């Protein structure tokens, strides 16, 4: 006899008599629980639908409210930004170009946001004034912000309900890498990071080696541990070091790709 056969054989007469009633009660309990689950999910879906409708309704309003405080770039004004935006989107395969809005002075330099499905990149005027004549730096900062769109406002971004502060800091460096990927000029990419830290006038006074050493100090000890785990932006020196490491990785990748293309040409020849 199998284990199941033994168990069935050992079931008492009293249990056999009570089993049908217990089965019915449990069936009703499970049906009730299922109803509660579906009712709860239905309520959540209805609420989500209402929120989604309101987001769509007010999306364009919110975008225009920001734009009313500044101006959007176009072929007629800031054509350099328009060209850089188009180049970056083509390079990254982004079909829908985000609207780029220029605002006046702020503590921030640039940021990306999304209203429903409308993507927006905001460049603050003080930042733009220093880089408008530097195509590589323009491509970097636009590429960085579009990186946030590709990561923070994508399926991955919607899935990542929780992001720790250290994860957000790491995401900033990922977006730096995307910016440098479309910029291609490591010196211009590093210079832009320095500009964003202290402004255009003082950027030339910064020392790269000191900034990297400073970041090592900032992340040392208990205070450094707190900074590393509970601050959402990496130190300037850490961003510079990350860029240099990524640039080296890009160079190695392109060498490998070049060797592969050469091998293909030899085979064809």
Counted neighbours (other Cβ, 10 Å), sorted fewest up, put 94, 53, 120 in the order 53, 94, 120
What spacing in nm lies between the two simple spin-label points modelled at residue 80 and residue 125, each 7 Å away from Cα in the Cβ direction? 1.6 nm
The exposure ranking of 91, 162, 210, fewest beta-carbon neighbours within 10 Å first, is 162, 210, 91
What spacing in nm lies between the two simple spin-label points modelled at residue 66 and residue 213, each 7 Å away from Cα in the Cβ direction? 4.0 nm
Quick one: length gained pulling residue 27 to residue 231 fully straight, 0.36 nm per residue minus the C-alpha distance? 68.3 nm
Need one number: % antiparallel among DSSP beta bridges in segment 70-268, to the nearest 5. 60 percent
Relative contact order for segment 210-259: what percent, with Cα pairs under 8 Å and sequence separation of 6 or more? 37 percent
One finds the C-alpha centres of segment 177-216 and segment 23-55 to be spaced, in Å, by 52 Å
Please state the relative contact order of segment 70-268 as a whole percent: Cα pairs under 8 Å, 6+ residues apart? 17 percent
Taking a point 7 angstrom from the Cα of residue 55 along the C-beta vector, which residues in segment 154-190 have backbone N less than 18 Å away? 154-163
If I histogram all Cα-Cα distances within segment 165-245 using bins 5 Å wide from 0, what percent of pairs lands in each bin? 3, 16, 24, 25, 20, 10, 3, 0
In what order do 227, 41 fall by count of nearby beta-carbon atoms within 10 Å, going from fewest to most? 41, 227
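Bear in mind that the values in this text are calculations on the coordinates, not laboratory data. Keep in mind it's a predicted model, so treat the numbers as computed, not measured. Cβ sites come from the backbone with ideal geometry, for glycine too, and all protein chains shown count toward neighbours.
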